[in-house]
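One structure below.
The values are calculated or read from the model by the stated rules, or taken from the named source; none is laboratory data. Just so we're clear, the structure is a prediction, and the values are computed from it rather than from any experiment. For neighbour counting, all protein chains shown are included, and Cβ atoms are generated from backbone atoms with ideal geometry for every residue, glycine included. Just so you know, the surface numbers come from the protein's heavy atoms only, side chains and all, with ligands and any DNA or RNA stripped out. Shrake-Rupley method; radii C 1.70, N 1.55, O 1.52, S 1.80 Å.
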Amino acid sequence: MRVAVGGIHIESSTFSPHTAGLADFRIKRGAELLADSPWAAAHPDLELVPLIWARALPGGAVKPEAYQKLKEELVQGVTEAGPLDGFLLHIHGAMSVLGLDDAEADLAIGLRGALGPDAIISADMDLHGNVSLRLARTVDLLTCYRTAPHIDEEQTRQRAFDLMMRCLRDGVRPHKALVHVPILLPGEKTSTRVEPAATLYREVEAIAQREGIFDASVWMGYPWADEPRCQGAVVVLGEQAGPVTEAALELGSLYWSMRDRFGFVGPTASLDQAIDQALAATDRPFFISDTGDNPGAGGADDVTTALARLLERADVQGCGRRIVYASIVDPQAAATAAAAGPGATIQIKLGGRIDPTPPGPLDVTAQVTAVVEDPDGGTCAALAVGPVSFAVTSRRKQYRLRQDYERLGLAFDQADIVVVKIGYLEPDLQAVAAGWVMALTPGGVDQDIRRLAHGRVERPMVPLDDPSPDVRLQAYVW
Ligand SMILES: [Zn+2]
């Protein structure tokens, strides 16, 4: 048996002015890609053919030439590989490409053309992805994570692989039912550690265990793209069309019934309220998530709104505490700081070059306190204005690890207030946070999705509309 493996994995916001090029992707090929599929070794009669797997930090829409190049390499790889029985497709499901709708379906259709109608395509996805009718129709099998934060990426890839092997071995193609659920939830409301998502994903597990059911999945959907496909989705795979349809409608109805119950995973506030809370806090360090420009969800990473408030508020500048801000991507400012070196005072224009969300570029006079080469952020500098120290990077970077801060001399143990472009706190930050609030700041991944100008998604859509009486969920069955 011969099965190819590969894919393109990025979550990209069409509301973020950032655009992702080839340089934003880390591409695995050959042995490196095979090493990510260790479970294939359990099948000695299987030849796994590694093509390419391109992964990127979430960002803005992918440049069309970058997408086409990756797609061509995958499609050509299939053609050159000779006859294949299957394709294990690693995709996120929320890749936006400039000028192209429903990119993952476009990719799957391209691969189907090269594979022929008989090969089985099995897709593993992020639960924050989307499932269009075209995608569900084109691939044979599709499944997604059951946890957020995602701790089951590896298990999900293995499940997609095992499903495919089962179908190849038994010579079956399961029936497949798709149900769309018209809900758009920001990522910070979809944690499966808390209700109602915890119950929803427990039910996914329960339905997947039913007699005759092969697999069940719920996609929360991706709210930061303005595409007709963006909404929640349920897919159930199994032996018979009737039970598969029934189970998909059951899960879809459960998700829909929970629509008013999804809340933020932590306390939220406006930016100024969040700063007020941080200044009033006695335990340290107090963390503020600057959520609207979170590069981990697709933000441009150079919105200056929160930094500007820290620099202009007199009560912050005179507070006598130590405040750390991470971060702003600005290669020119980082280069200026690096050239001047630690100890120098520089005048720069900072940020707002990619995403001009007000106030846009800041005129800053700051002291350089550190310059380092960072594996992700490139040349990075720590700058200080009064009590505020902030990180400037030459590549988009999320400050989610302790060492990210320490490398720049911004250790958060010595900080009173840490403001960081992130959503929920990652483990290193969570471990030391004495207090925390998510500031609902503007940017490409604004958590208040009603503030974004969606024009192309289906309507009615929660929370853009208040659909009442209930919408009727519909099942597509193959
Ligand atoms: Zn996700």
Once both labels are modelled 7 Å past Cα along the beta-carbon direction, what's the ASP465-ALA41 spacing in nm?
-> 5.3 nm
Range of Cα positions in the chain per principal axis (Å), largest first | 71, 52, 38
Rounded to 0.05, the calculated FRET efficiency for the beta carbons of THR79 and GLU211 at R₀ = 35 Å is 0.30
So, how do all the Cα-to-Cα distances of the stretch 2-263 break down into 5 Å bins, in percent, from 0 on up?
-> 1, 6, 14, 18, 20, 18, 12, 7, 2, 0, 0
Measuring from centroid to centroid over Cα atoms, what is the spacing of the stretch 1-53 and the stretch 292-323 in Å?
-> 36 Å
Looking at the stretch 2-263, what % of its DSSP beta bridges pair antiparallel, to the nearest 5?
-> 40 percent
Debye intensity ratio in log₁₀ form over the Cα atoms of the stretch 268-446, taken at each q of 0.11, 0.12, 0.18 Å⁻¹ | -0.38, -0.46, -1.14
Can you pull the one-decimal nm distance between simple spin-label points at ARG451 and GLN240, each 7 Å off the Cα toward Cβ?
-> 5.1 nm
Among all the lysines, which ones have a C-alpha under 26 Å from LYS349's C-alpha, if same-chain residues fewer than 8 places away are not counted?
-> LYS397, LYS421
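For the chain, what does -39500 (n - 2.57) per DSSP helix run (n ≥ 4), summed and divided by total residues, give at 222 nm, in deg cm²/dmol to the nearest 500? Numbers along the way, then the final one.
Numbers: 13 runs with 133 residues, N = 478.
Helices in the chain give a 222 nm mean residue ellipticity of -8000 deg cm²/dmol.
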The stretch 2-263, accessible area per residue, ligands and nucleic acids excluded (1.4 Å, Å²) = 35 Å²
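Which percent of the accessible area of the chain is formed by carbon and sulfur heavy atoms (probe 1.4 angstrom)? All intermediate terms of the calculation are to be shown ahead of the outcome.
Working: 8800 of 17790 Å².
Here it works out to 49 percent.
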Amide N proximity, the stretch 293-321 versus GLN430 label position 7 Å along Cα-to-Cβ, cut-off under 17 Å | 296-297
The extension gain from ILE109 to GLU72, computed as 0.36 nm times the residue separation minus the Cα-Cα distance, is 12.1 nm
Where the centroid of each part is defined by its Cα atoms, how far is the stretch 102-180 from the stretch 349-380 in Å?
-> 40 Å
Hey, quick one: spin label on ARG166, modelled 7 Å out along Cα-Cβ, who in the stretch 215-235 has an amide N within reach, i.e. under 18 Å?
-> 215-218, 235
Compute log10 of I(q)/I(0) for the stretch 22-78 with the Debye formula, placing one identical point scatterer on every Cα and leaving out solvent, at q = 0.14, 0.17, 0.29, 0.30 Å⁻¹, to two decimals.
-> -0.47, -0.64, -1.21, -1.24
